[in-house]
Structure formats: structure tokens, C-alpha cells
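Comments concern the structure below.
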Amino acid sequence: MFAVIKTGGRQYRVVPDDVLEIGKIAGDVGTIVQLGEVLVVGGDTPVLGAPTVAGASVAAEVLDHKRGPKVIAFKKRRRKNSRRKRGYRDEITVLRITEILTDNAKPSIGPRPKREKVVAPAAEGDEAPKAAKKKAPAKKAAAKPAAKKAPAKAAAKGKSDKK
């Protein structure tokens, strides 16, 4: 089963367990949000909406909020010494589609638990020594070679003065 949803002025074809990046929507990371603008629900008998399918929605889990790639708008008027450089980054929400709902159903799947790192418990009497971080030796300033003293003009003057 698939659905075509509309959010942020764009349309997306989604199936359960899809991960997609859309324009920023409200919702904390790990919560389930419902997207209500469903244009098509596909499957054995597809249902087309006019303009949306009544009673259909898509449940999705919010995975992350982030910013998109940098977009630079550079304008130049030639021979006028006129330039303008502006940039921006879109706010993006990363979603995982959990299920496609019809007939005004509520989401049955809750947020997935986050995987925690498994830490092996240390024996009580046996403490492992912590690995000490080795510091890199301090860099020494490179010794500058002494400048060679060439016969200076003053020395040359001194010789000429002894006449």
C-alpha cells in the first residue's frame, strides 16, 4: 500500500518504513505526527481524492530536525561594480513513515525505542585501569640559524680610515 501526501507545497509518494526529508513541521524528535492531506491511497483498488481522500492520513515518526544544504543567491550587474551575495539554508524535518491510515483511524504504532549502547559491567573487585591519554610532546620552536656576518660597510670604512 502506498499514499501520495502533500506537505509544505510539495507532494511525496510514501510507503511504510520510508524515510523522507520534508520542510520543517512542528513536533519533537521521537514523537508521532499525522499528515492529513492525502491525495491518493494506492493498493489493490486505488482511491483518488477530490482534492483529498476523506478520512485518510499518514502517521510518521519525527527522526530529526536539521538544516539543508547552503543555497547561494549571487547577483551581479556587470560594469557597475554592483554585487550582492545572499545565502540561506532550509529547515528540514526527517520523518519515518510508520503507517498509512484510512477511515479516521488513529496511529497504532508508537515511537520506536532508541537503541542504547550496551556496556559490559566491570567486576566489583577487579577495576580495570583507565587508559591514560598520551599527550603529544610539546613542539619546540625551530632554532633559527645564526645570520652570517658579512664584512660590513662599517668594517670597510674602518680599514680605509687607518691610512
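None of the figures in this text is laboratory data; all of them are computed from the coordinates on show. If you're wondering where the values come from, they're calculated on a predicted model, not measured in any experiment. For neighbour counting, all protein chains shown are included, and Cβ atoms are generated from backbone atoms with ideal geometry for every residue, glycine included.
Each Lys or Arg adds one and each Asp or Glu takes one away; over the other residues whose Cβ falls under 12 Å from the Cβ of residue 18, this sums to -2.
Contact order, relative form, for the stretch 2-101: 34 percent (alpha carbon pairs under 8 Å, 6 or more residues apart, mean separation divided by residue count). Among the lysines of the stretch 2-101, pairs at least eight places apart or on separate chains and with Cα atoms under 24 Å apart come to 8. When the scattering of the stretch 2-101 is computed by the Debye formula from its Cα atoms alone, each counted once and equally, what is log10 I(q)/I(0) at q = 0.14, 0.22, 0.23, 0.25 Å⁻¹? Values, matching the q order: -0.60, -1.09, -1.15, -1.28. The modelled label-to-label distance between residue 141 and residue 15, using points 7 Å beyond Cα along the C-beta direction, is 6.7 nm.
Computed extension length for residue 47-residue 31: 2.9 nm, one decimal, from 0.36 nm per residue of separation with the Cα-Cα distance subtracted.
Can you tell me how much longer the chain between residue 108 and residue 91 gets when fully stretched, taken as 0.36 nm per residue apart minus their C-alpha distance, in nm with one decimal? Could the numbers behind the result be given before it?
Details: separation 17, 0.36 × 17 = 6.12 nm, distance 2.86 nm.
Here the answer is 3.3 nm.
From least to most packed, judged by other beta carbons within 10 angstrom and beginning with the fewest, 64, 28 follow the order 28, 64.
Ordered by the number of other Cβ atoms lying within 10 Å of each residue's own Cβ, fewest first, 67, 78 fall into the sequence 78, 67.
Subtract the Cα-Cα distance of residue 117 and residue 72 from 0.36 nm times their separation in residues, and report this length gain in nm to one decimal. Display every interim value, and only then the final one.
On the way: separation 45, 0.36 × 45 = 16.20 nm, distance 3.97 nm.
Difference between extended and current length: 12.2 nm.
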